[in-house]
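Working notes, structure below.
The values are calculated or read from the model by the stated rules, or taken from the named source; none is laboratory data. Not measured: the values here are computed from a predicted model. Reconstructed Cβ throughout: ideal geometry from the backbone, glycine too, with neighbour counts over all protein chains shown. Heads up: the accessible areas ignore ligands, DNA and RNA and are worked out on the full protein's heavy atoms, side chains in. Shrake-Rupley method; radii C 1.70, N 1.55, O 1.52, S 1.80 Å.
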Amino acid sequence: MYFSLGQTDWAATIAGGGDYATGWHVHDCVMLMIPRAGTLRFALDGRGRTEQVLRPGEALVVAAGVGHRTRSGDAGHRHLALYAKGGRIEGWLPRDAGWRAGPLPPTLLPLLGYRDSLGPTGERARLADQLILTELAERGLPTLPRDQGAALIRAVAAHLAADPAARHDLDALAARFGVSRRHLTRLFRRHFNDGVGGYLARLRVDTATRHLAAGADVTAAAEAVGLASPSHLARLFRRHAGHAPKMARSGLS
């Protein structure tokens with residue numbers, strides 16, 4: 001599906017609710033998605049179509065011509081979507097990536113708070129939308145400098161911990177935080193003595209252990225951390241915990 005901005009330079013809309021969802025589509029302009037409540041799930045063509053999560057305080061920028069789809073992550077979801085001709089906004093995107101997700105500039109948060117107090121339409125709402133668009137065009141989404149590896153790793157680790165059951169594609173994860181796949185892997189090995197996949201596996205074991213200790217069976221614990229079968233969970237437990245999942249359930253771990 002193809003959506004066009006037409007003859008206008010920019011447009012804005014507010015959408016939300018638990019039933020919000022779009023099919024796969026492209027725009028002839030740059031799109032900025034800014035969650036204001038709840039979570040937004042998105043997937044991009046060329047990235048394995050794996051869904052990622054966007055939360056309030058973050059934004060997604062997608063270049064013209066990049067296929068994508070979005071849907072609400074929960075019933076309380078609400079977001080602001082802005083559309084504009086390329087220009088300076090596309091200049092903030094990583095080379096050859098076509099999209100970027102990351103934290104909003106702190107200076108933008110008061111303006112977004114004011115926008116939240118307005119209705120979906122009206123002259124003040126339109127002026128606020130235009131100011132938000134101008135601010136993002138001027139500043140872009142901030143990146144964590146490469147020498148701030150500890151801060152970057154904390155941000156990535158928090159992102160993984162927020163949804164350990166999700167499929168975390170390494171390329172998409174690196175692009176989300178504005179670094180290369182190689183750099184992200186090197187930082188993980190430096191700080192955690194393990195790669196991203198190994199760290200995520202240990203995170204899933206820890207999360208499954210809490211579910212088992214609370215009374216969940218092995219099948220439910222596996223599903224809670226995004227694994228297809230109890231046998232997969234058992235392999236992770238043997239590798240990273242040195243025992244079977246049933247020992248965590250009985251409190252013997």
Compactness relative to 2.2 N^0.38 Å, alpha carbon Rg of segment 177-219
1.54
Leaving out ligands, DNA and RNA, and with a 1.4 Å probe, what % of the accessible surface on the chain is carbon or sulfur?
51 percent
Can you pull the one-decimal nm distance between simple spin-label points at R186 and Y114, each 7 Å off the Cα toward Cβ?
4.3 nm
Please work out how much length the chain gains when fully extended from A37 to D9, using 0.36 nm per residue of separation minus the C-alpha to C-alpha distance, in nm with one decimal.
7.4 nm
Just from the alpha-carbon atoms, what are the Rg and Dmax of the chain in angstroms?
20.2, 67
Given a 1.4 angstrom probe, what's the average accessible area per residue across the chain, in square angstrom?
50 Å²
To the nearest 10 degrees, how steep is helix 181-192 against the longest Cα principal axis of the chain, on a 0 to 90 scale?
50 degrees
Please label the shape of segment 146-253 as rounded, prolate or oblate, based on the square roots a ≥ b ≥ c of the eigenvalues of the alpha-carbon gyration tensor (a/c under 1.5 means rounded; beyond that, a/b larger than b/c means prolate, else oblate).
prolate
